[in-house]
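This report refers to the structure that appears directly beneath it.
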Amino acid sequence: MSNRIRNAALRSKVMSAEEAVQFVKHGDKVGMSGFTGAAYPKAMPTAIANHAIDAHARGDQYQIDLFTGASTAPDCDGVLAGANALRFRAPYQSDPVMRNAINAGDIMYQDVHLSHSARQITDDFYGRLDVAIVEATAITEDGHIIPSSGVGNNVEYLDNAEKIIIEVNSWQSEDLEGMADIYRIPPGRGRGPIPITESGQRIGTTYIDIDVSKVVAIIETDLPDRNAPFKPIDEVSQAIAGNFLDFLEGEVRAGRLTYDGYVMQSGVGNVPNAVMAGLLDSKFTNIQAYTEVIQDGMVDLIDAGKMSVASATSFSLSPEYAEKMNAEAARYREYIITRPLQVSNHPEVIRRVGLIATNGMIEADLYGNVNSTNVSGSRIMNGIGGSGDFTRNAWISSFITPSVAKDGAISAIVPFASHIDHTEHDVMVVISEYGYADLRGLAPRDRSRKMIEVAHPDYRPLLEEYVALAEAPGRPLHTPHDLEQAFSFHQRLAKTGTMLK
C-alpha cells in the first residue's frame, strides 16, 4: 500500500490491529471515525472487543468510552457492545445489540445534537480524549490524512487526542481524494462566521493535517463500509413522497419557492429516499443539498442532471451505489462535497442557505411536538442525530412518517408525545400518506385539527374523542390536555399491544 501510505516515517508504524490494541487502555476515551455506516474503522473495533473478552475472562476490568460522528456498523458498535467493552457511548448509535445494552442499563449513553458533539470534545466536557482511531483513504507525503467515505468529527478527534491510530482502507476509492473540504472552526468564544453562503462553496483543504508525532500505529485494511440496501418503494412511501411534492408545489404557488434552486436537507432512511425518487419526475431543477449524508436518491438526481451540488459529511449508500461511487468517484467529486460535521450541521450555515429540512420521527402529538428518539418515552431507538440541528434552523422544517407502525398497532399521531425532541415551536409541517399538516401560523387548537387529518383513519375517532375531553368546559383552552388521558394511547399499547381500543 505504498501508494496509499506515502509518508515514509508513517510506513514504519504499520502493524496489525491486534498489536495496536496495546495503545487503547482500560478507561480510555476513544474518538472513532464513522457516520451512518460509512468511514468507520474496520479492524480496531474487533481487536478492542477481543481484548475486552480476554481481559474479562481473566477477571480484569476493561471498558472504554466511545465517541463517533454518528452510527457505525455491527462490526464496530455491535462487536464492542457484545463484548461489554463500552462504559459510555455518544453522540448517536443505531446498532440493535448496542440499543439493547443501553436500554438494559449496561451502557451509559448520551444522545447529543450532532452539531454540538465535536465542540464538547474540544472543550473537554468529557475530559481529555486519549485515542483517535480514524479511517483514511490515503496518507500524503506530508503525513496529511485523505478522508474516506465520511468526515464526521475526525478533525476534532485527531486534534484533541493524545494518540492517533490510522486505518488505511484500500477498499475506499483513491479518487475520493479531492472530495473533502476540511475547514476548522476555531475553539473558544468570539469566533468569526463560517464563510459559506451557498451549498457548493469550498472553503478549506482536501486533507486533514495532523500532528504526525502523535501517530502510534497504522493499520492496513480492505473491508467495505456497512452499506444496507434501501427497501423497494411501497405504496405508503410513494404516497408520502407525493404529498411532500404537493407541499413543495404549494410553496411555489405561494411565491415562496421556485422550481430552480430548491435547497434540501434529508434525513436517512427508506421514506426520505423515496421522496428524492419523487423529485426525479418533478419540475424542480438545479436542486442543491446541504445535508448530513449522501443517499442513493441524491446520486440519481445528480445522474439525471437535476441536482447541481450535494454537501454532506458522509455517505449512506446501498451496496450497489457504494460500488458505483467507488468506480466513479472522480466524476462525483465534481458535484459532492464532504465536510466536517461541525460545518455540515452548523446552525449558522443551515439558516443562511435557506434550506427545507425533512426528517423522520417516531411520533408527533396533536400540537406538533415530535419524538424522534424514545419509544413510549423510555426506550432509546437511535438518537436525535442531526434532526435538531436542521429542524430548529431550517427555513421550513418538515417531518415525514407513515401514519402507523407494527401493522397498525401504533399510531404516529398521539394525543401527547411520550418524549419530545422537537417542540411545536420548531415543527412546521408533518406529512404522512394521508396528506400534509401545515402548522405554520396556527394556534394549538387549530394545529390539532390539522394533525388529525394526517392520522390513520382508524385512529382519527380516538384522537377526536381526546380533543373533546381536553376541550371540555372549564379546562384551559390554549393547549388543551386531559392529563388523565394524555398518555392513554401509550398505556393501551403497554397493556394490550395496540394503541387501538
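Report the dimensions of segment 198-308 along its three principal axes from the alpha-carbon atoms, largest first, rounded to Å.
59, 33, 20
Measuring from the lowest to the highest alpha carbon on each principal axis, how far does segment 289-442 reach, largest first, in angstroms?
Its Cα atoms span 50, 36, 28 Å along the three principal axes.
FRET efficiency for Thr423 and Lys231, Cβ-Cβ distance as r, R0 = 25 Å, nearest 0.05?
Using R0 = 25 Å, I get an efficiency of 0.25.
Setting aside same-chain residues fewer than 8 positions from Lys214, which lysines have a Cα under 20 Å from its Cα?
Lys214 reaches Lys13, Lys25, Lys29, Lys163.
So, by mean Cβ neighbours within 10 angstrom, what's the order for 196-206, 366-376 with the highest one leading?
Details: 196-206: 15.9, 366-376: 23.0.
The densest-packed peptide leads the list: 366-376, 196-206.
Rg to Rh ratio, the chain, alpha-carbon atoms and Kirkwood radius?
0.99
Just add up the charged neighbours of Thr137: K/R +1, D/E -1, any other residue whose Cβ is under 14 Å from the Cβ of Thr137.
Charge balance in the 14 Å sphere: -4.
Residues of segment 185-225 with amide nitrogen under 15 Å from the 7 Å Cα-to-Cβ point of Glu348?
Counting only backbone N, you get 185-198, 203-204.
Counting only the backbone N, which residues of segment 1-27 are under 13 Å from the spot 7 Å out from the Cα of Ser170 toward its beta-carbon?
1-5
When DSSP assigns beta bridges and you keep just the ones with both residues in segment 39-187, what percent turn out antiparallel, to the nearest 5?
Working: 3 of 14 bridges.
Counting DSSP beta bridges with both partners in segment 39-187, the antiparallel share is about 20 percent.
Give me the percent of accessible area attributable to carbon and sulfur for the chain, probe 1.4 angstrom.
With neighbouring chains kept in place, the figure for the chain is 49 percent.
Within 12 Å, Cβ to Cβ, of Ala274, how many net charges do the neighbouring residues add up to if Lys/Arg are +1 and Asp/Glu are -1?
It works out to a net charge of -4.
Take the Cα pairs of segment 353-501, get the Kirkwood Rh, then feed it into Stokes-Einstein at 25 °C and 0.890 mPa s and tell me D in µm²/s.
Result for D is 160 µm²/s.
Explain nothing, just the number: dipole magnitude of the chain about its Cα centre with +1 on each Lys and Arg Cβ and -1 on each Asp and Glu Cβ, in debye rounded to the nearest 20. Working shown, then result.
Values: 44 positive and 64 negative charges, 182 e Å.
Charge dipole of the chain: 880 debye, to the nearest 20.
Among DSSP beta bridges whose residues both lie in segment 355-406, state the antiparallel percentage, nearest 5.
About 50 percent, rounded to the nearest 5.
Show which lysines lie in cross-link reach of Lys306 when reach means a straight Cα distance below 30 angstrom and same-chain residues fewer than eight apart are skipped.
Lys231, Lys283, Lys324
For the pair His478 and Leu223, how long in nm is the line joining their label points, each one 7 Å along Cα→Cβ?
5.5
Using the heavy atoms of the protein chains alone and a 1.4 angstrom probe, what is the accessible area of the chain per residue in square angstrom?
In whole numbers, the chain has 38 Å² accessible per residue.
Determine the gain in length on full extension of the stretch Arg492-Ala254; use 0.36 nm per residue of separation and subtract their C-alpha separation, reporting nm with one decimal.
81.5 nm
Where both partners of a DSSP beta bridge lie in the chain, what percent of those bridges are antiparallel, to the nearest 5?
The antiparallel proportion sits near 25 percent.
Of all the Cα-Cα pairs you can form in segment 430-501, what percent are over 16 Å apart? Write out the running numbers ahead of the final one.
Details: 1406 of 2556 pairs.
Roughly 55 percent, rounded to a whole number.
Kindly state, to the nearest 0.05, the FRET efficiency for Asn50 paired with Ala405, given R0 = 41 Å and r defined as their beta-carbon distance.
With R0 = 41 Å, the Cβ-Cβ based efficiency is 0.65.
Figure the gain on full extension for Met15 and Leu442 (residue separation times 0.36 nm, minus the Cα-Cα span) and round it to one decimal in nm. Could you put the intermediate results ahead of the total?
Numbers: separation 427, 0.36 × 427 = 153.72 nm, distance 6.15 nm.
Working it through step by step, the gained length comes to 147.6 nm.
Between segment 208-230 and segment 298-352, what is the separation of their alpha carbon centroids in Å?
20
With Cβ to Cβ distances under 12 Å as the rule, what net charge do the other residues near Glu249 carry (K, R +1; D, E -1)?
+1
Expressed as cubic angstrom per residue, what is the convex hull volume of the alpha carbon set of segment 385-464?
Here the figure is 99 Å³ per residue.
Quickly work out the Lys501-to-Ile380 label distance, labels modelled 7 Å from Cα along the C-beta direction, and quote it in nm with one decimal.
About 3.7 nm, to one decimal.
The values are calculated or read from the model by the stated rules, or taken from the named source; none is laboratory data. Just so it is clear, the structure is predicted and the values come from calculations on it, not from any experiment. Cβ coordinates were reconstructed from backbone atoms using ideal geometry, including for glycine residues, and neighbour counts include every protein chain displayed. The area values use the complete protein model at the heavy-atom level, side chains included, leaving out ligands, DNA and RNA. Shrake-Rupley method; radii C 1.70, N 1.55, O 1.52, S 1.80 Å.
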